[in-house]
Amino acid sequence: MTYLPLVNGERTYLATWMDLYSRKVVGWQVGKTMEDELVILPLRRALQWRQPVTGLIIHSDRGGQYVSAELKELL
(Lines give C-alpha, C1' and ligand atoms only; values in the text may rest on other atoms or scores of the structure.)
Protein backbone atom coordinates (compact mmCIF):
# COMPACT_ATOMS: atom_id res chain seq x y z
CA MET A 1 0.00 0.00 0.00
CA THR A 2 1.24 3.44 -0.87
CA TYR A 3 -0.09 6.93 -1.15
CA LEU A 4 -0.33 8.95 -4.32
CA PRO A 5 -0.04 12.74 -4.09
CA LEU A 6 -2.65 14.61 -6.12
CA VAL A 7 -2.18 17.94 -7.90
CA ASN A 8 -4.61 19.65 -5.50
CA GLY A 9 -2.35 18.84 -2.52
CA GLU A 10 -4.48 15.96 -1.26
CA ARG A 11 -3.50 12.31 -1.42
CA THR A 12 -5.15 9.04 -2.30
CA TYR A 13 -4.09 5.50 -1.44
CA LEU A 14 -3.24 2.57 -3.70
CA ALA A 15 -3.26 -1.06 -2.58
CA THR A 16 -2.04 -3.84 -4.85
CA TRP A 17 -1.74 -7.61 -4.75
CA MET A 18 1.00 -9.13 -6.87
CA ASP A 19 1.49 -12.70 -8.05
CA LEU A 20 5.18 -13.08 -7.30
CA TYR A 21 5.54 -16.01 -9.69
CA SER A 22 4.35 -14.09 -12.75
CA ARG A 23 5.31 -10.66 -11.33
CA LYS A 24 1.87 -9.39 -12.40
CA VAL A 25 -0.39 -7.16 -10.33
CA VAL A 26 -3.53 -9.27 -9.97
CA GLY A 27 -5.62 -6.89 -7.89
CA TRP A 28 -5.60 -3.20 -7.11
CA GLN A 29 -7.77 -0.55 -5.50
CA VAL A 30 -7.53 3.22 -5.08
CA GLY A 31 -9.28 4.93 -2.18
CA LYS A 32 -9.41 8.13 -0.16
CA THR A 33 -8.81 6.33 3.14
CA MET A 34 -6.71 3.38 4.31
CA GLU A 35 -9.67 1.31 5.50
CA ASP A 36 -9.71 -2.51 5.47
CA GLU A 37 -11.72 -2.51 2.22
CA LEU A 38 -8.76 -0.97 0.42
CA VAL A 39 -6.95 -4.33 0.60
CA ILE A 40 -9.98 -6.67 0.76
CA LEU A 41 -11.70 -5.61 -2.47
CA PRO A 42 -8.66 -6.08 -4.73
CA LEU A 43 -7.85 -9.42 -3.08
CA ARG A 44 -11.39 -10.65 -3.78
CA ARG A 45 -11.05 -9.64 -7.43
CA ALA A 46 -7.62 -11.27 -7.66
CA LEU A 47 -8.89 -14.53 -6.16
CA GLN A 48 -11.86 -14.54 -8.53
CA TRP A 49 -9.69 -13.81 -11.56
CA ARG A 50 -6.79 -16.17 -10.79
CA GLN A 51 -8.72 -18.92 -8.95
CA PRO A 52 -5.68 -20.22 -7.04
CA VAL A 53 -5.46 -23.79 -5.82
CA THR A 54 -5.42 -24.76 -2.15
CA GLY A 55 -2.13 -23.90 -0.51
CA LEU A 56 -1.81 -20.31 -1.74
CA ILE A 57 0.62 -18.30 0.39
CA ILE A 58 -0.23 -14.68 1.17
CA HIS A 59 2.43 -12.26 2.39
CA SER A 60 1.84 -8.74 3.69
CA ASP A 61 3.55 -6.20 5.89
CA ARG A 62 1.07 -6.95 8.71
CA GLY A 63 -0.31 -3.40 8.73
CA GLY A 64 -3.66 -2.86 10.42
CA GLN A 65 -5.65 -3.47 7.24
CA TYR A 66 -4.01 -6.88 6.81
CA VAL A 67 -5.03 -8.23 10.22
CA SER A 68 -8.75 -7.41 10.05
CA ALA A 69 -11.28 -10.10 10.86
CA GLU A 70 -12.87 -9.74 7.40
CA LEU A 71 -9.55 -10.34 5.63
CA LYS A 72 -8.77 -13.34 7.84
CA GLU A 73 -12.18 -14.80 6.98
CA LEU A 74 -11.57 -14.25 3.27
CA LEU A 75 -8.22 -15.98 3.46
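The values are calculated or read from the model by the stated rules, or taken from the named source; none is laboratory data. From a predicted model like this one, the values you see are computed outputs, not experimental measurements. Note that each Cβ is placed from the backbone with ideal geometry, even for glycine, and that neighbours are counted across all protein chains shown.
Pairs linking a residue in segment 41-67 that is among the aliphatic types (A, V, I, L, M) to a residue that is loosely packed, with under 15 Cβ neighbours inside 10 Å and assigned to a loop (DSSP other than H, G, I, E, B), with Cβ atoms under 7 Å and 6 or more positions apart or on different chains, are Ile58/Leu75. The residues of segment 41-75 that are more than 20 Å from Lys24 (Cβ to Cβ) and surrounded by 15 or more Cβ atoms within 10 Å (Cβ to Cβ), listed by number, are Gln65, Tyr66, Ser68, Leu71.
On the stretch given as segment 1-19, residues that are surrounded by fewer than 17 Cβ atoms within 10 Å (Cβ to Cβ), closer than 22 Å to Leu75 by Cβ, aliphatic (A, V, I, L, M) and in contact (Cβ under 8 Å) with a residue 12 or more places away in the chain total 2. Just one of the listed residues (Val30, Val26) is surrounded by fewer than 15 Cβ atoms within 10 Å (Cβ to Cβ), in contact with a Leu (Cβ under 9 Å, 6 or more places away or on another chain) and assigned to a strand (DSSP E or B), and it is Val30. Scanning segment 47-65 for any residue that is within 13 Å of the chain's Cα centre (by Cα) and at pLDDT 90 or above turns up at least one such residue.
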